[in-house]
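The values are calculated or read from the model by the stated rules, or taken from the named source; none is laboratory data. All of these numbers come straight from a predicted model, not from anything done at the bench. Glycine gets a Cβ as well: all are built from the backbone with ideal geometry, and neighbour counts include every protein chain shown.
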Amino acid sequence: MKKLTEHPLIIGHRGASGYLPEHTLASYELAINLGVDYIEPDIVMSKDGILIARHENEISETTNIAEKPEFAHLKTTKIIDGEIKIGWFTEDLTLAELKTLKAKERIPDLRPQSAKYDDHFPICTLPEIINLVASKNQELGKIDKNIGICIEVKHPSYFASIGLSLLEPLLTTLSNIKNTHLPIIIECFEMSFLQSLKNLSQITEITNFPLVQLINDIGKPYDFIVNHDSRTYQDLITPQELTKISNYAQGISVHKNLVVPRDIHGKLLTPTSLINDAHNLNLQVYSWTFRNENVFLPLDFQNQPKLEYKLFFELGIDGVFTDFPDYVI
């Protein structure tokens, strides 16, 4: 098996989201302090076209907007990537309005240690995240190995359909940092968005960053639905489809179950050949999401989250997305 990195990358999933509310500057900074190689912000957009960090554009689960009477009239129902969502959406608020909100823990029953920090931290923008990481690199004296940012672009087809394309603001932001030596990875579930970035990279250096195809263990990318493409995520992990991915991406980022499946009881099954198949095409393989709570761990590793990292490292994984960076071996 060909290893593509000397050591697997540790990627702070939404920051150090096991300890602090996700997608806040405090969470990202804690992840950096705990030793990650990259932090991972999910990017959506405000009404006035600003890229902000939220896991979803529906924000009732991760902010205190439901407690704000001035925004009560904005509660609505939308169809996002084919799913009915009820709540408040980033594209209906300006950045100034979003800045009046405070983040809260998404799963407080599982993470009371993080929920203690509800209503402490504001929503942040992608430029603010970039400034934080650049500042931390300087503070920590990073020279040869700067901490980087793994940007996940969320719902690009949906945002484009409402006249808020994520592509142009992302390109503008990247053009402003291309000479800072800040490592950047761009990932997305939608293949067409990554292919657009690849095509643009052939005519400009602005998008000359590694691209990573996200692959879930169920369903299909939303752009496949829009384009009436019959392929599913399961199809994308075949050697034939991985070869196509290698034409525009440098890696894949996959649900853990695609590397080591589980049975209906949550017990681990025999690992698949996915890592080997991808490495044979010079594709790096990252996996998500590594969490400490038993509800997320396989039966084999209850109360032993470090053993899950050990298994994936032995299988040759190139990087892990973790909510608890200090637990990575």
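Considering only residues of region 198-222 that are touching a strand residue (DSSP E or B) at 6+ places or on another chain (Cβ under 7 Å) and buried (at least 19 other Cβ atoms within 10 Å of the Cβ), which is modelled with the lowest pLDDT? Reasoning before the result, please.
As a first pass, look at region 198-222 and keep what is touching a strand residue (DSSP E or B) at 6+ places or on another chain (Cβ under 7 Å): 198, 209-217.
Remaining after also requiring buried (at least 19 other Cβ atoms within 10 Å of the Cβ): 209, 211-215.
Working: F209: 89, L211: 96, V212: 98, Q213: 98, L214: 98, I215: 98.
My answer is F209.
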Could you say whether any residue in region 184-197 is buried (at least 19 other Cβ atoms within 10 Å of the Cβ), touching a residue at least 24 places away in the same chain (Cβ under 8 Å), out of contact with any helix residue (DSSP H, G or I) (no Cβ under 8 Å at 6 or more places or on another chain) and of a type in the set (V, I, T)?
-> yes
Scan region 59-66 and give yes if some residue there is without any contact (Cβ under 8 Å) to a residue 60 or more places away in the chain, crowded, with 18+ Cβ neighbours inside 10 Å and more than 22 Å from the chain's Cα centre (by Cα), otherwise no.
-> yes
V328 passes all but one of (1) surrounded by 15 or more Cβ atoms within 10 Å (Cβ to Cβ); (2) at pLDDT 95 or above; (3) of a type in the set (A, V, I, L, M); which number fails?
-> (2)
Restricting attention to region 223-231, does a residue exist that is touching a Lys or Arg at 6+ places or on another chain (Cβ under 8 Å), hydrophobic (A, V, I, L, M, F, W, C) and buried (at least 19 other Cβ atoms within 10 Å of the Cβ)?
-> yes
Only one of H55, H23 that is within 14 Å of the chain's Cα centre (by Cα), in a loop (DSSP other than H, G, I, E, B) and buried (at least 21 other Cβ atoms within 10 Å of the Cβ) = H23
If the Cβ limit is 8 Å and pairs must be 6+ apart or interchain, which residue in region 95-106 that is closer than 7 Å to T63 by Cα pairs with which residue that is of a type in the set (D, E) and buried (at least 17 other Cβ atoms within 10 Å of the Cβ)?
-> A103/E22
Given (1) modelled with pLDDT under 95; (2) under 25 Å from W288 (Cβ atoms); (3) assigned to a loop (DSSP other than H, G, I, E, B), where does D109 come up short, assuming only one miss?
-> (1)
In this structure, is I177 surrounded by fewer than 20 Cβ atoms within 10 Å (Cβ to Cβ), over 24 Å from Y286 (Cα atoms) and under 21 Å from the mean Cα position of the chain (by Cα)?
-> yes
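Looking at F296, F321, F313, which is the one that is aromatic (F, W, Y), in a loop (DSSP other than H, G, I, E, B) and surrounded by 14 or more Cβ atoms within 10 Å (Cβ to Cβ)?
On the way: F321 fails: in a loop (DSSP other than H, G, I, E, B); F313 fails: in a loop (DSSP other than H, G, I, E, B).
Result of the check over F296, F321, F313: F296.
I need the full set of residues from region 73-106 which are hydrophobic (A, V, I, L, M, F, W, C), part of a helix (DSSP H, G or I) and surrounded by fewer than 17 Cβ atoms within 10 Å (Cβ to Cβ), in order please. Can you show your working first?
Going through region 73-106, the residues hydrophobic (A, V, I, L, M, F, W, C) turn out to be 74, 79-80, 84, 86, 88-89, 93, 95-96, 98, 101, 103.
Going one step further and asking which of them are part of a helix (DSSP H, G or I), we end up with 74, 95-96, 98.
Matches in region 73-106: L74, A96.
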Which condition does S135 not pass, out of (1) of a type in the set (S, T, N, Q); (2) free of Cβ contacts under 8 Å to residues at least 24 places away in the same chain; (3) surrounded by 21 or more Cβ atoms within 10 Å (Cβ to Cβ), if it passes all the others?
-> (3)
Taking region 25-59 on its own, how many of its residues are over 17 Å from K154 (Cα atoms) and of a type in the set (G, A, S)?
-> 4
Within region 237-271, how many residues turn out to be under 14 Å from L315 (Cβ atoms) and without any contact (Cβ under 8 Å) to a residue 24 or more places away in the chain?
-> 3
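Tally up the residues in region 33-52 that are out of contact with any His (no Cβ under 8 Å at 6 or more places or on another chain) and part of a strand (DSSP E or B), please. It would help to see each step written out before you state the result.
Start the filter on region 33-52 by keeping residues that are out of contact with any His (no Cβ under 8 Å at 6 or more places or on another chain), which leaves 33-39, 43, 45-52.
Now narrow it down to the ones that are part of a strand (DSSP E or B): 38-39, 43, 45, 51-52.
Number satisfying all stated conditions: 6.
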Within region 241-257, track down each residue that is surrounded by 17 or more Cβ atoms within 10 Å (Cβ to Cβ), of a type in the set (V, I, T) and over 16 Å from the mean Cα position of the chain (by Cα).
-> I245
Among the numbered criteria (1) in a helix (DSSP H, G or I); (2) closer than 16 Å to Q284 by Cβ; (3) of a type outside the set (S, T, Y), which single criterion is violated by Q240?
-> (2)
G141 vs. criteria small (G, A, S) and at pLDDT below 95 | yes
